[in-house]
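Engineer: Please find one structure pasted underneath; my questions will follow.
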Amino acid sequence: MELYTSDSSDTDSREQKTIDFGRMNLDVGTLEDHLSSPHKGLLKTSGDIETLLLNHNRLVLLPRMLQQFSNLKVLDLSSNALTQLPDAICQLPLVTLIAKNNLLTNSSLPKSLLSKQLANGHGAYGTSTLKELNLSGNQLLHFPEQVTELRQLKYLYLGGNKISSISKDIWKMQSLHVLSLGGNLVNEVPEAVGSLSQLQALVLCDNLIENLPMSIARLKNLKSLLLHKNRLKHLPKDIVALKNLTELSLRDNPLVVRFVQDMALKPPTLLELAGRIVKASGQRPGPGDLPRTLAEYLNSANCCVNPNCKGVFFDNRVEHIKFVDFCGKYRVPLLQYLCSSKCIEPEEPSRASSSNASNASSGFMMRKVLLG
């Protein structure tokens, strides 16, 4: 997978503007001692510091002294024992906030991640400079709705929590390049995800997802789509529109473990049989020829996707998995609906012979997309 990095890592004088207190076994008290003692290595004033690394310590809370770093852009709090992110953290001009692998819950987060500005003596929420937010490996049970306020956010990492659903307001985050939600309990992807026009990487692996919305096909800039370890039985057919997709991981899904070739078809009702005959005959009953309910039923007919079949179906259909070319490189399984099992098209002779001749090559390509 392509390595996505934030703009915050682009600084010529990073070393001079960085304090690294990582892996020092610090608690809140000893951290305050370090921050308040000039001889501990703070060669610059706190206003000059842009990066503060506090990762891999024993911090349960954050000291109030953090507010003195008025120009802080990068704050790494990963791998501590934090149970709370104070509201004051939103007052810092952060571009990158990394708080992964802590003990944060939904109630641990500020009610708003926007900076709070005073207007006429009253508090009013303003904007945020955050472009990267990492809350992976915590104890979140719900998608934090506060993050949808962050209109400038490009990288959002929420993997390794217990989130069961994605906010339907995700469409507000139009600057998102990476949305990572792997290792959660997500069982449904909302249509709103398809509105993230700048999205380049969508990580939904290791969840409980059974279906993807058709809106996924609108993610024209998507390069990486990780779906392994879910419950997917098929992909939406419009996924072939993702011409920029270079990585598609599907391993450990039912569509890989057990391909569905021909599902059981229940006998059609007399109503369905009559409807098919009427549609196949080409007759067009007038407004007064049939009751309104029957006329609506006839208008609900679906055409069989087999181009050699002119038939239709209503409620009774055959679900079939067909492998189709994807971006000229892979063949992926897509669900199609047929009016009869007789409409399942055999593989084209030219393709069949070519796949037999180069079985190893096609098998490699199949593994590349399906097994990730």
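Engineer: Find all pairs meeting these conditions: Cβ atoms under 8 angstrom apart; at least six residues apart or on different chains; first residue within segment 90-112 and under 15 Å from Val74 (Cβ atoms); second residue open to solvent by less than 10 Å² (accessible area, probe 1.4 Å) and of a type in the set (Phe, Trp, Tyr).
Structural biologist: The qualifying pairs are Leu92/Phe69.
Engineer: Right, something else. Which pairs do you get when a residue that is touching a residue at least 40 places away in the same chain (Cβ under 8 Å), found in segment 220-242, comes within reach of a residue that is of a type in the set (S, T, N, Q), reach meaning Cβ atoms under 6 angstrom, with the pair 6+ apart or on two chains?
Structural biologist: Going by the 6 Å Cβ cut-off, the qualifying pairs are Lys223/Gln200; Lys223/Asn244; Lys223/Thr246; Leu226/Ser249; His228/Ser249.
Engineer: Among the numbered conditions (1) under 25 Å from Leu242 (Cα atoms); (2) modelled with pLDDT of 80 or more; (3) surrounded by 11 or more Cβ atoms within 10 Å (Cβ to Cβ), tell me where Asp315 comes up short.
Structural biologist: The number of the failed condition is (1).
Engineer: Evaluate segment 280-298: report whether one residue or more is open to solvent by 80 Å² or more (accessible area, probe 1.4 Å), in a loop (DSSP other than H, G, I, E, B) and closer than 26 Å to Ser341 by Cβ.
Structural biologist: There is no residue in segment 280-298 that is open to solvent by 80 Å² or more (accessible area, probe 1.4 Å), in a loop (DSSP other than H, G, I, E, B) and closer than 26 Å to Ser341 by Cβ.
Engineer: Just to be sure before I move on: is Val260 at pLDDT below 70, open to solvent by less than 50 Å² (accessible area, probe 1.4 Å), of a type in the set (A, V, I, L, M, F, W, C) and part of a loop (DSSP other than H, G, I, E, B) in the structure I sent?
Structural biologist: Here the answer is yes, as Val260 does meet what is asked.
Engineer: For segment 179-198, what are the residues that are at negative phi, out of contact with any strand residue (DSSP E or B) (no Cβ under 6 Å at 6 or more places or on another chain) and open to solvent by less than 60 Å² (accessible area, probe 1.4 Å)?
Structural biologist: Of everything in segment 179-198, those that are at negative phi, out of contact with any strand residue (DSSP E or B) (no Cβ under 6 Å at 6 or more places or on another chain) and open to solvent by less than 60 Å² (accessible area, probe 1.4 Å) turn out to be Leu181, Asn184, Val186, Val189, Pro190, Ala192, Val193, Gly194, Ser195, Leu196, Ser197.
Engineer: Restricting to segment 235-253, count the residues that are part of a loop (DSSP other than H, G, I, E, B), open to solvent by 60 Å² or more (accessible area, probe 1.4 Å) and over 16 Å from Leu199 (Cβ atoms).
Structural biologist: The number of residues fulfilling the criteria is 2.
Engineer: For segment 197-233, name all the residues that are within 21 Å of Asp169 (Cα to Cα), in contact with a Ser or Thr (Cβ under 9 Å, 6 or more places away or on another chain) and among the aliphatic types (A, V, I, L, M).
Structural biologist: Scanning segment 197-233 gives Ala201, Leu202, Val203, Leu204, Leu208, Leu219, Leu225.
Engineer: Quick test for you: out of Cys304, Cys309, pick the one residue that is under 35 Å from the mean Cα position of the chain (by Cα), surrounded by 11 or more Cβ atoms within 10 Å (Cβ to Cβ) and modelled with pLDDT of 85 or more.
Structural biologist: Cys304
Engineer: Give segment 170-185 a look and list any residue that's in contact with a helix residue (DSSP H, G or I) (Cβ under 9 Å, 6 or more places away or on another chain) and either modelled with pLDDT under 95 or within 22 Å of Gln139 (Cβ to Cβ) (or both), or say none.
Structural biologist: Result: Ile170, Leu179.
Engineer: Tell me, yes or no, whether segment 328-340 has at least one residue that is open to solvent by less than 90 Å² (accessible area, probe 1.4 Å), farther than 22 Å from Lys233 by Cβ and modelled with pLDDT of 75 or more.
Structural biologist: no
Engineer: It is to be established whether one or more residues within segment 203-216 are of a type in the set (A, V, I, L, M), open to solvent by 60 Å² or more (accessible area, probe 1.4 Å) and under 15 Å from Leu334 (Cβ atoms).
Structural biologist: Yes.
Engineer: Here is a follow-up. Can Gly159 be described as small (Gly, Ala, Ser) and over 15 Å from the mean Cα position of the chain (by Cα)?
Structural biologist: Criteria not met by Gly159.
The values are calculated or read from the model by the stated rules, or taken from the named source; none is laboratory data. These numbers come from a predicted model, not from an experiment. Methodologically, a virtual Cβ is constructed for each residue, glycine included, from the backbone with ideal geometry; neighbour enumeration extends over all protein chains shown. Only protein heavy atoms, including side chains, enter the accessible area calculation; ligands, DNA and RNA are left aside. Shrake-Rupley method; radii C 1.70, N 1.55, O 1.52, S 1.80 Å.
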